[in-house]
Amino acid sequence: MEQVTLLIGKENDEERIVKAGECLYESFLDDSVSRFIHWPIRNDVEKDNLFRINFHTCTIRDGVLNEGALLEVGGFQGVAIWYPPNESHKEFPSGYTKMDELVKGEDEYNRRSEMYSLVMEPVKKKHLGDTPYWYLYLIGVRPQSQGKGLGRLLMEKALDKVDESGSTAWLEATSEGSMLLYKKLGFKVVEEVRFGKGDGNERGADDGDLVGVKLWAMIRKPK
């Protein structure tokens with residue numbers, strides 16, 4: 001069985017952060033929500049891909065600086081980043097994590113990202129209120145390593161720690177398959193959500209029936 005490594009906060013270094021970002025980039029190439037938010041807008045595939053790699057790296061750096069948890073399995077074949085139950089599920093000061101640098105001037109990305117936040121933040125507030133929670137921001141397994149149970153291993157390791165702390169866990173599943181896995185691990189669907197109506201179809205692309213992308217808001221009470 002593959003070993004899952006759990007790294008908290010400053011135990012992470014830049015090399016690990018970059019490896020994790022590359023893993024998430026590969027993992028989310030076919031994800032509907034990621035496709036919608038990162039829909040190619042530069043007419044340059046190489047620049048689009050570089051933006052997505054840098055985005056995932058910045059996201060992980062945010063979590064690490066926020067004393068979040070980075071988990072990896074199989075030598076970064078699978079990665080998860082969890083944000084901790086504190087006040088800072090928020091942006092950091094300008095220049096702190098390089099995310100603001102990355103998205104400056106990316107108007108279409110910023111519009112779509114804001115669209116996601118405007119839909120999901122009221123859903124979180126409705127179901128969580130003021131309850132502190134661990135937030136699974138991203139989890140992914142490289143395509144060549146999928147179907148081997150690595151995602152489940154990442155989840156089980158993290159949830160052991162979440163349960164030890166007596167905390168609630170929250171996530172947004174972006175596929176029916178992942179939603180069903182999370183249900184097996186004790187999560188409950190509290191709301192089905194669509195966003196991006198008029199801009200994207202169910203796959204996150206901009207053709208066909210623009211009904212928006214579907215996802216499942218899920219919560220897990222401490223065991």
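The values are calculated or read from the model by the stated rules, or taken from the named source; none is laboratory data. Only a predicted model underlies this, so the values are computations on that prediction, with no experimental measurement involved. Note that we place each Cβ from the backbone using ideal geometry, even for glycine, and neighbour counts take in every protein chain shown. Side chains included, ligands, DNA and RNA excluded: accessible areas come from the protein's heavy atoms. Shrake-Rupley method; radii C 1.70, N 1.55, O 1.52, S 1.80 Å.
For the stretch 188-213, the set of residues classified as under 18 Å from the mean Cα position of the chain (by Cα), closer than 15 Å to Ser117 by Cα and surrounded by 18 or more Cβ atoms within 10 Å (Cβ to Cβ) consists of Phe195, Gly196, Val213, listed by residue number.
Among the conditions (1) polar (S, T, N, Q); (2) modelled with pLDDT of 95 or more; (3) within 25 Å of Phe51 (Cβ to Cβ), the only one that Thr168 does not satisfy is (3). When the stretch 36-75 is filtered for residues that are touching a residue at least 40 places away in the same chain (Cβ under 8 Å), surrounded by fewer than 21 Cβ atoms within 10 Å (Cβ to Cβ) and among the charged types (D, E, K, R), only Glu67 remains. Check the stretch 145-158 and report whether any residue there is open to solvent by 10 Å² or more (accessible area, probe 1.4 Å), closer than 20 Å to His56 by Cα and not in a helix (DSSP H, G or I). Yes, the conditions are met somewhere in the stretch 145-158. Among the residues of the stretch 119-132, those that are touching a strand residue (DSSP E or B) at 6+ places or on another chain (Cβ under 8 Å) and either part of a helix (DSSP H, G or I) or modelled with pLDDT of 95 or more (or both) comprise Val119, Met120, Val123, Lys124, Lys126, His127, Leu128. Within the stretch 76-113, if we keep just the residues that are at positive phi and at pLDDT below 85, the residue that is surrounded by the most Cβ atoms within 10 Å (Cβ to Cβ) turns out to be Lys98. Only one entry of Leu180, Leu171, Leu215 meets the criterion of being closer than 21 Å to Leu29 by Cα and without any contact (Cβ under 8 Å) to a residue 12 or more places away in the chain, and that entry is Leu180.
Exactly one residue among Gly147, Gly200, Gly140, Gly212 is more than 20 Å from Glu67 (Cβ to Cβ) and in contact with a Cys (Cβ under 9 Å, 6 or more places away or on another chain), and that residue is Gly140.
Among the conditions (1) closer than 20 Å to Met120 by Cβ; (2) modelled with pLDDT of 95 or more, the only one that Gly200 does not satisfy is (2). Within the stretch 159-176, the set of residues being open to solvent by 50 Å² or more (accessible area, probe 1.4 Å) and in a helix (DSSP H, G or I) comprises Asp160, Lys161, Glu164, Glu176.
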